[in-house]
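The values are calculated or read from the model by the stated rules, or taken from the named source; none is laboratory data. Since the model is a prediction, treat every value here as computed from it, not as a measurement. Cβ: placed from backbone, ideal geometry, glycine included. Neighbour counts: every protein chain shown.
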Amino acid sequence: MNLTYLDYKNILYADLFSKILAAIIILLIGLIIGRIVGKVLLRVLSELNLNTTIRKTTKIKISLEMMISGFVKYLIYFATFIMVLTQLGLSTTVLNIILGAIVIVVLIIVFFITNSFLPNIIAYIFIRKKGFIKENDHIKFGDKQGKIISIKLIETMIETSKGNIVYIPNSALTRKEITKLKR
């Protein structure tokens with residue numbers, strides 16, 4: 001009677017053990033492949049000088065090489081995670097929970113981007129396209145007066161006559177009156 005119980009226990013846990021072992025192997029291989037593909041893609045994009053090309057054409061300083069390689073790496077990690085969950089038989093429930101969490105996070109991110117960053121980015125594009133102010137111009141904006149040091153994606157830096165640096169959001173520059181002073 002004791003032998004049958006042990007055999008039943010071994011048969012029951014052998015399937016579970018093999019699933020867990022296969023899941024661990026899939027996880028390790030997926031992590032290794034994701035890391036290798038991410039590094040190789042970063043090198044390839046760096047050799048193509050993608051960041052330099054983007055910077056020259058749009059005058060926007062953004063590390064697109066890192067973003068693309070990181071996105072591909074984490075996409076492989078996510079696919080590996082799904083394969084591990086499928087191997088363990090947990091895919092449907094857990095994936096629905098993860099998908100719901102991802103949707104909530106994306107909605108929150110979209111809300112914050114449209115609320116604060118998007119108006120400044122649109123104002124930056126407007127400022128660059130119209131060219132009504134440029135770097136080294138002397139301007140008066142509200143009670144601030146000084147020389148424009150740089151116009152970045154989100155803000156414009158102005159150096160006052162006292163040497164103070166003032167950061168003004170680009171969206172504010174397009175909403176209020178700016179007086180361009182003679183040098």
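Looking at Thr80, Thr114, can you tell me which residue is assigned by TED's automatic domain parsing to the domain that holds Lys39, polar (S, T, N, Q) and in a helix (DSSP H, G or I)?
Thr80
If Lys129 satisfies all but one of (1) part of a loop (DSSP other than H, G, I, E, B); (2) within 19 Å of Thr58 (Cα to Cα); (3) charged (D, E, K, R), what's the number of the condition it fails?
Single failed check for Lys129: (1).
Return yes when Lys61 is outside any helix (DSSP H, G or I), modelled with pLDDT of 75 or more, surrounded by 10 or more Cβ atoms within 10 Å (Cβ to Cβ) and not assigned by TED's automatic domain parsing to the domain that holds Pro169 and no when it is not. Full working, then the answer.
On the way: outside any helix (DSSP H, G or I): yes; modelled with pLDDT of 75 or more: yes; surrounded by 10 or more Cβ atoms within 10 Å (Cβ to Cβ): yes; not assigned by TED's automatic domain parsing to the domain that holds Pro169: yes.
Judged against the criteria, Lys61 is a match.
Looking at the stretch 125-147, which of its residues are aliphatic (A, V, I, L, M) and within 10 Å of Lys180 (Cβ to Cβ)?
We begin by selecting, within the stretch 125-147, every residue aliphatic (A, V, I, L, M); these are 125, 127, 133, 139.
Answer for the stretch 125-147, where residues must be aliphatic (A, V, I, L, M) and within 10 Å of Lys180 (Cβ to Cβ): Ile133, Ile139.
So, Asn51, is that one under 30 Å from Ile151 (Cα atoms), without any contact (Cβ under 8 Å) to a residue 24 or more places away in the chain and over 16 Å from the mean Cα position of the chain (by Cα) or not?
Answer is no for this residue.
Mind checking which residues of the stretch 47-80 are more than 30 Å from Thr156 (Cβ to Cβ) and of a type in the set (Gly, Ala, Ser)?
Correct list: Ser69, Ala79.
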